[in-house]
Amino acid sequence: MISPKRHPREFGFKSGDTHLILNSQSREAKFFAFEGNLLYKAPVLCMGQSSDWRVKRGNTPPGLYRLGQMWNDYSQVSPDQIPAHTDVRRQYGWLTFDMVDLEGNEDGYFRGGVSLHGGGSAAGWPGAWAPKQPLYSTHGCPRMHNVDLRDKVLPCYSRGIVYVSVFQVEF
């Protein structure tokens with residue numbers, strides 16, 4: 001496994017913050033509080049359309065990130081109805097969180113723009129909007145179920161900084 005070179009504590013990790021660990025091999029996300037206790041586990045897919053994380057549309061680059069800007073399409077629609085189709089809703093699902101690269105892996109491999117999101121064009125519409133949509137490969141972003149983004153990531157994001165460590169399989 002290729003692991004991050006740095007740790008959240010080097011960036012001011014404190015009480016209220018969360019460390020989200022994404023493991024591409026086990027396809028599992030683990031959420032840890034600052035104090036070290038496990039908050040949640042959830043499925044995640046860190047696989048792109050190419051297995052080489054150093055190329056465009058490859059797997060999610062390994063390293064340390066923090067969640068930056070959030071786009072919340074879920075809050076713009078009635079929860080009991082399927083909203084009108086848009087390409088953005090189909091591709092990214094309910095929530096999208098920009099991942100700010102703290103180690104330079106994105107820029108070093110011209111891979112800027114990695115985000116944690118749901119959705120999935122291959123799931124079609126309204127399949128990409130389902131709470132537990134299929135986790136299809138992306139262009140390099142980690143993908144989680146829409147409901148896990150809403151019920152697990154969003155509460156952590158609302159409490160403090162969410163640091164994300166991506167562990168990637170060597171090939």
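The values are calculated or read from the model by the stated rules, or taken from the named source; none is laboratory data. Here the structure is a predicted model, which means the values were calculated and not measured. Cβ coordinates were reconstructed from backbone atoms using ideal geometry, including for glycine residues, and neighbour counts include every protein chain displayed.
Screening the candidates Val147, Val114 for the property of being more than 16 Å from Lys41 (Cα to Cα) and of a type in the set (Val, Ile, Thr) yields one hit, Val114.
Scanning the stretch 144-171 for residues that are among the acidic types (Asp, Glu) and more than 11 Å from the chain's Cα centre (by Cα) yields a total of 2. Suppose we keep only residues that are part of a helix (DSSP H, G or I) and surrounded by 13 or more Cβ atoms within 10 Å (Cβ to Cβ) within the stretch 89-121. Which one would you say is modelled with the lowest pLDDT? Here the residue is Glu106. Residue count for the stretch 1-37 satisfying the condition of being more than 18 Å from Ser158 (Cβ to Cβ), hydrophobic (A, V, I, L, M, F, W, C) and more than 18 Å from the chain's Cα centre (by Cα): 2.
Take the residues of the stretch 51-85 that are of a type in the set (Gly, Ala, Ser) and not in a loop (DSSP other than H, G, I, E, B): which is nearest to Glu106 (Cα to Cα)?
Filtering first and then ranking leaves Gly63.
Residues in the stretch 31-50 that are surrounded by 14 or more Cβ atoms within 10 Å (Cβ to Cβ) and either part of a loop (DSSP other than H, G, I, E, B) or among the β-branched types (Val, Ile, Thr) (or both) were compared, and the one that is modelled with the lowest pLDDT is Gln49. Filtering the stretch 73-127 to residues that are farther than 20 Å from Val162 by Cβ and of a type in the set (Gly, Ala, Ser) leaves Ser78, Ala84, Gly108, Gly120, Ser121, Ala122, Ala123, Gly124, Gly127.
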